[in-house]
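To start, the structure itself, in structure tokens.
The values are calculated or read from the model by the stated rules, or taken from the named source; none is laboratory data. In this text, all values refer to a predicted model and were calculated from it rather than measured experimentally. Using ideal geometry, Cβ is built from the backbone for each residue, glycine included, and neighbour counts are taken over all protein chains shown.
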């Protein structure tokens, strides 16, 4: 481990010309960029499982307590916080040397733990330039941690992992803001505990295809995920290193993406909210260009894009945030990317969270924006002729749900943004039983859709958590498969093998009644009885156990069986081992349906194949 003085020597700077930097895909493009060209601030998403410390991290930076004002101390809306360069410099201290960056600061978007940040998209894909994945080091990976990793991987968003709450480790002492300085003064027991926890998380990341290491041990930050231990309760341990790495990675690897554009703005709607005295307002992120208070806005909406005009632009002060500002907004005339603000505009019914928007000054720009919106409002979900119906509150979350379903091998017949309609139910109704369902993410259900659901029996799954929707659907699908398997057992002969017991002939014929022991599988009414010479000698007409009439008997049961068309001593005898006759199509049907057979039942089918193939070499192949 390196000392504090040179812990970031391996973080590439702009002038680095070593061999590794030559391998960077964007290096040739970067070299053509004017090093003095102004840059916008990177957009940084903060993700992670509920209560792992996402908002607390930003609270430490802001010096506020937003998390305490949230219902149940869980973030309920998406917020945006601007952290200017001067604040970043104070946080980093001597780690951030003068002249090493031209970034004006950082813009953080804080995502609720129950709402995927895929709701937030730019025209080019993910809205965020970088991400911080916050993981409680004492708890490790949780369901929403994994969901976040899958989304980051899907959208190819570079990220840093904050190993938060190191102060909760047994015996850990937090005295300064520097993790490495604190780590050097820990007891051997505390150090070992930290190492064990960190290696568990390194292993978990590895299972998702990522190499990772402690930030101070990384040689190539583009190939290895940096782990930065943090504690934001008191000293802000690790926060200086975290911000230093964010600034370094953005300056070195994202410079071309962050060039400031002075043209018309492009942005994303993050929420629609009714404000007292203002009416409906749009919470937005501008990720490119300049937005003016005199501009026309072209916004993605359902059923068609909206063209309106800006009435006013309200921007939170630096280190405040759009969701719950401590001070009044500034009424501004012009805002450049990247920024979070409220936009007051008329006629915005139909706008959905995650919708793209563009500003325009001329009719020509309006037409160009409408053309762009046609593509932007289309999802990338691939639909098939058979599958489930999915609905979501935004294009991004629709694609996130579709991504998870695709990974689980679940086809989609229809995917749409907005509330569940009667047409959705009608679309789902004709599907195969395991697909007669609608998965609804964070949307409402129209009354006529509820009536149609009741009449058709189509199953509706609702949640505001993607992985829970998937879990509920998979659980339901397993029940459907079990029911289908039971129907197959009822409709088709099932593997069965039984032995006629010695001294247990109760009637020799018309029908013959004998005592048997079921050696494996199942025997049931009306099933044919097969000898090992491939002759079907009769059918089971009744089953009894004492005075009880049975429909079937299973392995281990001893029952009395009536078999027609046979005579004991001729077609069958005491001591014979007999089988249930099976049609080869029934075996294939059972295989296709995924009916789970026991090892003994599989052995019975193998024995039957040997019997049948004496006369039919290709039987049940």
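Among the residues of region 489-517 satisfying the criterion of being modelled with pLDDT under 90 and surrounded by fewer than 18 Cβ atoms within 10 Å (Cβ to Cβ), which is farthest from residue 420 (Cα to Cα)? Among those that are modelled with pLDDT under 90 and surrounded by fewer than 18 Cβ atoms within 10 Å (Cβ to Cβ), it is 510. State whether the residues of region 200-209 include one that is within 25 Å of the chain's Cα centre (by Cα), assigned to a loop (DSSP other than H, G, I, E, B), more than 21 Å from residue 44 (Cα to Cα) and in contact (Cβ under 8 Å) with a residue 60 or more places away in the chain. Checked region 200-209: at least one residue is within 25 Å of the chain's Cα centre (by Cα), assigned to a loop (DSSP other than H, G, I, E, B), more than 21 Å from residue 44 (Cα to Cα) and in contact (Cβ under 8 Å) with a residue 60 or more places away in the chain. State whether one or more residues within region 325-348 are in contact with a helix residue (DSSP H, G or I) (Cβ under 8 Å, 6 or more places away or on another chain), in the same structural domain as residue 281 (by TED's automatic domain parsing) and not in a strand (DSSP E or B). No: zero hits. Against the list (1) more than 16 Å from the chain's Cα centre (by Cα); (2) under 30 Å from residue 316 (Cα atoms); (3) modelled with pLDDT under 90, the condition residue 397 fails is (1). Determine, yes or no, whether residue 151 is buried (at least 22 other Cβ atoms within 10 Å of the Cβ) and either part of a helix (DSSP H, G or I) or in the same structural domain as residue 395 (by TED's automatic domain parsing) (or both). So residue 151 passes the test.
Select from region 156-193 the residues that are over 23 Å from residue 243 (Cβ atoms) and either touching a residue at least 40 places away in the same chain (Cβ under 8 Å) or outside any loop (DSSP other than H, G, I, E, B) (or both) and list them in ascending order. Selection gives 188, 189, 190, 191, 192, 193.
Would you confirm whether any residue within region 592-614 is in contact with a helix residue (DSSP H, G or I) (Cβ under 7 Å, 6 or more places away or on another chain), surrounded by fewer than 16 Cβ atoms within 10 Å (Cβ to Cβ) and over 14 Å from residue 496 (Cα atoms)? Show your work before the answer.
Initially, region 592-614 is screened for residues in contact with a helix residue (DSSP H, G or I) (Cβ under 7 Å, 6 or more places away or on another chain), giving 593-595, 605.
So of that shortlist, the ones also surrounded by fewer than 16 Cβ atoms within 10 Å (Cβ to Cβ) come out as 593-594.
So of that shortlist, the ones also over 14 Å from residue 496 (Cα atoms) come out as 593-594.
Yes, that holds for at least one residue.
Residue check: residue 435 meets all listed conditions (1) out of contact with any helix residue (DSSP H, G or I) (no Cβ under 6 Å at 6 or more places or on another chain); (2) over 22 Å from residue 482 (Cα atoms) but one, namely (2).
Of all residues in region 215-229, which are surrounded by 15 or more Cβ atoms within 10 Å (Cβ to Cβ) and either in contact with a helix residue (DSSP H, G or I) (Cβ under 7 Å, 6 or more places away or on another chain) or free of Cβ contacts under 8 Å to residues at least 12 places away in the same chain (or both)? Within region 215-229, 215, 216, 221, 222, 225, 226, 227, 228, 229 qualify.
Scan region 510-524 and tell me whether some residue there is without any contact (Cβ under 8 Å) to a residue 60 or more places away in the chain, closer than 30 Å to residue 607 by Cα and either assigned by TED's automatic domain parsing to the domain that holds residue 416 or assigned to a loop (DSSP other than H, G, I, E, B) (or both). Within region 510-524, one or more residues are without any contact (Cβ under 8 Å) to a residue 60 or more places away in the chain, closer than 30 Å to residue 607 by Cα and either assigned by TED's automatic domain parsing to the domain that holds residue 416 or assigned to a loop (DSSP other than H, G, I, E, B) (or both). Among the residues of region 160-176, the ones that are surrounded by fewer than 22 Cβ atoms within 10 Å (Cβ to Cβ) and closer than 24 Å to residue 250 by Cα come to 0 in all. Residues of region 407-430 that are over 26 Å from residue 154 (Cβ atoms), outside any helix (DSSP H, G or I) and touching a strand residue (DSSP E or B) at 6+ places or on another chain (Cβ under 9 Å): 421 alone. Counting only strands (runs of 3 or more DSSP E) that sit wholly inside region 547-592, those with at least 1 residues that are closer than 19 Å to residue 517 by Cα, in contact with a strand residue (DSSP E or B) (Cβ under 9 Å, 6 or more places away or on another chain) and free of Cβ contacts under 8 Å to residues at least 12 places away in the same chain are 548-550. State whether the residues of region 438-455 include one that is without any contact (Cβ under 8 Å) to a residue 24 or more places away in the chain and outside any helix (DSSP H, G or I). Looking for residues that are without any contact (Cβ under 8 Å) to a residue 24 or more places away in the chain and outside any helix (DSSP H, G or I), one finds none in region 438-455, hence no. Checked against the criterion of being in the same structural domain as residue 573 (by TED's automatic domain parsing), out of contact with any helix residue (DSSP H, G or I) (no Cβ under 9 Å at 6 or more places or on another chain), crowded, with 19+ Cβ neighbours inside 10 Å and touching a residue at least 12 places away in the same chain (Cβ under 8 Å), the candidates 543, 530 yield just one match: 543. If I filter region 78-91 for residues that are under 20 Å from residue 160 (Cα atoms), within 27 Å of the chain's Cα centre (by Cα) and modelled with pLDDT of 75 or more, do I get at least one hit? For region 78-91, residues under 20 Å from residue 160 (Cα atoms), within 27 Å of the chain's Cα centre (by Cα) and modelled with pLDDT of 75 or more: present. Taking the numbered list (1) modelled with pLDDT under 85; (2) closer than 16 Å to residue 133 by Cα; (3) surrounded by fewer than 17 Cβ atoms within 10 Å (Cβ to Cβ) in turn, residue 232 passes all entries but (3).
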